[in-house]
Amino acid sequence: MDGMPAQTQTLASNLSSKPRRNALTRFRANWPVIIGLLIVLLCAAAAICAPWIAPYAPEQQNLRNQFAAPIGFGGTSEHWLGTDQLGRDILSRLIYGARISLIVGFSAVAISGTVGILLGLISGYYGRWLDAIVMRFVELQLTFPFMLLALLVLAVFGGGLRNIVIVLSIAGWAVYARVLRSEVISTREQLYVEAARSAGVRDARLLARHIFPNVMSSMIVLATFSVAAMIVQESALSFLGLGIPPDQASWGGMLADGRNFLTIAWWLGTLPGLAILAVVLSMNLIGDWLRDVTDPTIRNTR
Amino acid sequence: MSARYLLARLAQAIFLLWGISTIVFVVLRLSGDPVLLLVPQETPPEVVDSIREELGFNAPLLEQYGRFLGRLVQLDFGQSLSYNQPALDVVFDRFPSTLKLAVAAIAFTILTGVPLGILAALHRNSIIDRFALIVALLGTSAPTFWVGILLILLFSVRWQLLPSIGDQGPSSLILPAVTLGIFSTAKISRLTRSAFLEVLRSDFLRTARAKGLRERVVLLRHAAPNTLITLVTVIGLEFALLLGGAVITETVFSWPGIGRLAIQAIGARDYPLVQAIVFVFASLVILVNFLLDLLYPLIDPRIKAR
């Protein structure tokens, strides 16, 4: 047949062009997520490599060069993003601040997520009095005005990285427990769980191998959004002066400094906020995307 | 609304308030000797001892806790250490300021978030929808205090249109209210949009159109009321959250409300005042939740009062 070679040809050209076109259409559909991922990765890389890429030490003062403007606003390439009231380099402080934000965000989510997931699993699976106790604690946690609890604990035990992570973890576990509990309760009654149980699978294994994998996706989505929320809360606590001590570079602390000099140096009050916005927005975009791919049912309402 | 349900809710509220007060009590007592913070450093030890005795900090912790609970039942939190008047009075003095701010913020939220969400739903996938999405994304991602700083930079420093510090009349309410409300605006515009989209696809709306009703009537009389329940729930819960968010906004704008009072009280280790503030905040959250439950049957007759 004459058509055969042509067909194979188009097939071949299809095959060769398909991946590229796919990648392009995929990028078109998901470009915000991809950019978000890039920003988070860039930020993580900056945080890890801080000592090598930061042009100055974050605490290095230069009282003869206070309030130097960023480049493009009358500043020089000596300090790309300008300097603060003590002549410290803003870019270097932003790079070191990324460390704090990312460490706090991810470790607080890891701790609160683990605790919340364990309690949610147990509470949803065993029910009865265990459930009742855990849920009372969840209610307590969700009624407690978080900011006040955090401020109180930090004022009593002092700020610093470790205490902030602890406080945010204490504040964060309840959401996981509540969401997971209700999912476990509905999963518990599924046939495949019933089948596994009647096949003699023991509780711990049943929870770990049959129930948890089926409720995991919502936990991952929740965790992604939580990283964003934790980063905002850390910066808020540092802004209020009860988080990271002011001599260390943190984005919230830098904004607290900036607030005092709004009339003379606008960059102090804007640049660290832009950094927070970029990272938090990226995490939220990734979370949105994860939610959509793991839950096909909500696609229609978008 | 059965008596049994009300009793159960009351029991739950009492449990929550007891639990929260106990947590605060424990955390505060872990912070060391409050008397040493109250007196000047060179005070002789005998004097310190007598003050300690007088204020009851000498008794065993359990006895202190018992006494604390006994007074809590009567809503007596003791004298504020820094204001020298009953702690609860100090809180209620500042309360109108915070309430004013929260109400203004929620008004801003409703006036902007709801229309934005409705427009986005009606013109799905249009430019308006895109705009609403971007507003929502930025609004949920930008930290509250930074939004406040930006607003001050633009409206107070640059254009000198609005005051940025304290309460100097109605115009000074604008910036704090917008700052406090912007996060909720973002959230509520998204929720309004999805609630509306859901209603727009429903059978009864198709019926209403099929009957030949005008589009305006379809939207206002048939679509809008059915999104109310979602909106009222979220707005109610946001209101409770706003009161908490006031801590940051009030600090940025030096607003004389409970939020700033809380920071001062915590900084000064003013135990009674801290207790009173946390108690009032928690009560408000519980109260708002309860009022929401009362509202549901009124909005949607299908939900029966329990």
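The values are calculated or read from the model by the stated rules, or taken from the named source; none is laboratory data. What you are looking at is a predicted structure, and each value in this text was computed from that prediction instead of being measured. Here Cβ is always computed from backbone atoms with ideal geometry, including for glycine, and neighbour counts include all displayed protein chains. Side chains included, ligands, DNA and RNA excluded: accessible areas come from the protein's heavy atoms. Shrake-Rupley method; radii C 1.70, N 1.55, O 1.52, S 1.80 Å.
Go through region A:73-120 and give me each residue that's aromatic (Phe, Trp, Tyr) and in contact with a strand residue (DSSP E or B) (Cβ under 8 Å, 6 or more places away or on another chain). So that I can check it myself, show each step before the final result.
As a first pass, look at region A:73-120 and keep what is aromatic (Phe, Trp, Tyr): A:73, A:80, A:96, A:106.
Within region A:73-120, just A:Trp80 meets the criteria.
For region A:232-267, a residue qualifies if it is at the interface with another protein chain (Cβ under 10 Å from one of its Cβ atoms), open to solvent by less than 10 Å² (accessible area, probe 1.4 Å) and more than 16 Å from A:Tyr96 (Cα to Cα), and the qualifying residues are A:Ala236, A:Leu237, A:Gly258.
Mind telling me which of the residues B:Leu30, B:Leu16 ends up being at pLDDT 75 or above, closer than 26 Å to B:Gly267 by Cβ and within 14 Å of chain A (Cβ to nearest Cβ)? So that I can check it myself, show each step before the final result.
Numbers: B:Leu16 fails: closer than 26 Å to B:Gly267 by Cβ.
Sole residue among the options that is at pLDDT 75 or above, closer than 26 Å to B:Gly267 by Cβ and within 14 Å of chain A (Cβ to nearest Cβ): B:Leu30.
Are any residues in region B:249-258 surrounded by fewer than 24 Cβ atoms within 10 Å (Cβ to Cβ) and part of a helix (DSSP H, G or I), and if so, which ones? Walk me through how you get there before you give the answer.
Of region B:249-258, the ones surrounded by fewer than 24 Cβ atoms within 10 Å (Cβ to Cβ) are B:251, B:254, B:256.
B:Thr251, the sole residue that qualifies.
Look through B:Gly117, B:Gly166 and report the one residue that is in contact (Cβ under 8 Å) with a residue 60 or more places away in the chain and buried (at least 20 other Cβ atoms within 10 Å of the Cβ).
Only one candidate passes the filter, namely B:Gly117.
Pairs meeting the criteria (first residue in region B:131-160 and in contact (Cβ under 8 Å) with a residue 12 or more places away in the chain, second residue charged (D, E, K, R), beta carbons under 7 Å, at least 6 apart or on different chains) are B:Ala132/B:Arg193; B:Ala136/B:Arg190; B:Thr140/B:Lys187; B:Ile149/A:Arg259.
Selection over region A:269-283 of residues that are more than 7 Å from every other protein chain (Cβ to nearest Cβ) and open to solvent by less than 10 Å² (accessible area, probe 1.4 Å) gives a count of 3.
Only one entry of A:Ile286, A:Ile185, A:Ile220 meets the criterion of being more than 10 Å from chain B (Cβ to nearest Cβ), surrounded by fewer than 16 Cβ atoms within 10 Å (Cβ to Cβ) and within 13 Å of the chain's Cα centre (by Cα), and that entry is A:Ile220. Any residue in region A:116-130 that is of a type in the set (Gly, Ala, Ser), out of contact with any Ser or Thr (no Cβ under 9 Å at 6 or more places or on another chain) and more than 25 Å from A:Leu285 (Cβ to Cβ)? Scanning region A:116-130 turns up at least one residue that is of a type in the set (Gly, Ala, Ser), out of contact with any Ser or Thr (no Cβ under 9 Å at 6 or more places or on another chain) and more than 25 Å from A:Leu285 (Cβ to Cβ). Of the residues making up region A:175-203, those that are in contact with a Lys or Arg (Cβ under 9 Å, 6 or more places away or on another chain) and of a type in the set (A, V, I, L, M) are A:Ala196, A:Val201.
Among the candidates B:Ile149, B:Ile182, the residue that is over 16 Å from B:Thr230 (Cβ atoms) and touching a Lys or Arg at 6+ places or on another chain (Cβ under 8 Å) is uniquely B:Ile149.
Taken over region B:104-162, the residue count meeting the criterion of being polar (S, T, N, Q) and in a helix (DSSP H, G or I) is 6. Out of the residues in region B:260-287 meeting the condition of being open to solvent by 20 Å² or more (accessible area, probe 1.4 Å) and assigned to a loop (DSSP other than H, G, I, E, B), tell me which one is farthest from the other protein chains (Cβ to nearest Cβ). For region B:260-287, the residue satisfying everything is B:Ala268.
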